[in-house]
1. Would you tally the residues in region 204-221 being crowded, with 19+ Cβ neighbours inside 10 Å and either farther than 12 Å from Asp245 by Cα or over 22 Å from the mean Cα position of the chain (by Cα) (or both)?
2. Output the residues belonging to region 155-190 that are part of a loop (DSSP other than H, G, I, E, B), buried (at least 16 other Cβ atoms within 10 Å of the Cβ) and either among the hydrophobic types (A, V, I, L, M, F, W, C) or modelled with pLDDT of 95 or more (or both).
3. Across region 287-308, which residue is surrounded by the fewest Cβ atoms within 10 Å (Cβ to Cβ) among those that are among the basic types (Lys, Arg) and free of Cβ contacts under 8 Å to residues at least 60 places away in the same chain?
4. Confirm whether Ala115 is surrounded by 13 or more Cβ atoms within 10 Å (Cβ to Cβ), aliphatic (A, V, I, L, M) and out of contact with any Pro (no Cβ under 7 Å at 6 or more places or on another chain).
5. For Phe247, only one of the following conditions fails: (1) closer than 30 Å to Asp114 by Cβ; (2) modelled with pLDDT of 95 or more. What is its number?
6. Within region 271-286, which residues are of a type in the set (A, V, I, L, M) and either surrounded by 14 or more Cβ atoms within 10 Å (Cβ to Cβ) or assigned to a loop (DSSP other than H, G, I, E, B) (or both)?
7. Go through (1) closer than 18 Å to Val84 by Cα; (2) outside the structural domain of Val277 (by TED's automatic domain parsing) and name the single condition Arg150 misses.
8. Test each condition in (1) crowded, with 20+ Cβ neighbours inside 10 Å; (2) over 23 Å from Val229 (Cα atoms); (3) in contact with a Phe, Trp or Tyr (Cβ under 9 Å, 6 or more places away or on another chain) for Glu17 and report the one that comes out false.
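The values are calculated or read from the model by the stated rules, or taken from the named source; none is laboratory data. In this text the structure is predicted, and so the values were computed from the model without any measurement. Methodologically, a virtual Cβ is constructed for each residue, glycine included, from the backbone with ideal geometry; neighbour enumeration extends over all protein chains shown.
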Amino acid sequence: MNQTANLVIRRLEPGDEAEWRRLWTGYLDYYETKLPEAIYAITFARLLAAGPKEFQGRIALLDGKPVGLVHFLFHRSSWKVEDVCYLQDLFTDTSARGQGVARALISRVYAEADAAGCPSVYWFTQDFNTTARLLYDRIGVETPFIRYSRPAPFTTPPARGGAIIRPLCSADEPQWRELWKGYLTFYETALPDEVTDATFARLQSDDPDEMRGRVAEVSGRLVGMVHYVRHRHCWRDEKVTYLQDLFALPETRGTGLGRALIEAVYREADLSGSPMVYWLTARSNATARQLYDRIGVLTPFIEYDRPE
């Protein structure tokens, strides 16, 4: 890496707006995306505010000239007690590439996550973004996960299969724990009891920034669950909905239960004014992807994580 000593990474300041706009427009141009003026104004204001659930922004200066930016956000995860850090936008001006700017920006996010007590950092990139992935493969770890999004428009018919889809309640804890255990077993994951305890408590919270939980009930028995969280997105005024966990008992599969749970999240997203819904699944999860390909849209994005 050829990183110059004249590279400075700092917080965005009000006087950076013109250069930030130039850099962010370059980033959006790469993704062939145009955003209205209102989103530019809202996003920059939120980046400056740097509230606990708002995006934060850092800018890179090379010999005093702005040459790069990064946006990141902390949000809840059902798999961790602490928040996780979502690195959404990363861009380096073409004139400054190959000088360690992008690496320095990611490293700064790592440091900010450590300072905030949430060292887990993740981001997405298109699988064909070979130039960026040369760096990401050195500073991050590619996960087996690919991303699906809700199609637009999408109508949500009533749940099928005789299941009642309803909010999780405190009396559900024993059955929910069995579903949670089955879900984690599928992913060959074991979590400490403190994470499971914290997750169940958060799923019942009235705080809009916490995780949300819905369960599927048939004849008094819980047979499926879904967890989701809403968080800010730099490209939108409204929040987006991240559907993190979805599980149905093996004997219920093929009955429309998984679809009903996803459709319930779609309806909740509409009611909350955050109609964009996305989720991840393992590339090898062929069974689930048969459903996701009908109810969602496979995007070209793959996930990277900060190395442990």
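1. 1
2. Ala159, Ala163, Leu168
3. Applying the filter and picking the extreme gives Arg294.
4. The answer is no for Ala115.
5. That leaves (1) as the condition not met.
6. Listed by number, the residues that qualify are Met276, Val277, Leu280, Ala282.
7. Among (1) closer than 18 Å to Val84 by Cα; (2) outside the structural domain of Val277 (by TED's automatic domain parsing), the lone unmet condition for Arg150 is (1).
8. Among (1) crowded, with 20+ Cβ neighbours inside 10 Å; (2) over 23 Å from Val229 (Cα atoms); (3) in contact with a Phe, Trp or Tyr (Cβ under 9 Å, 6 or more places away or on another chain), the lone unmet condition for Glu17 is (1).
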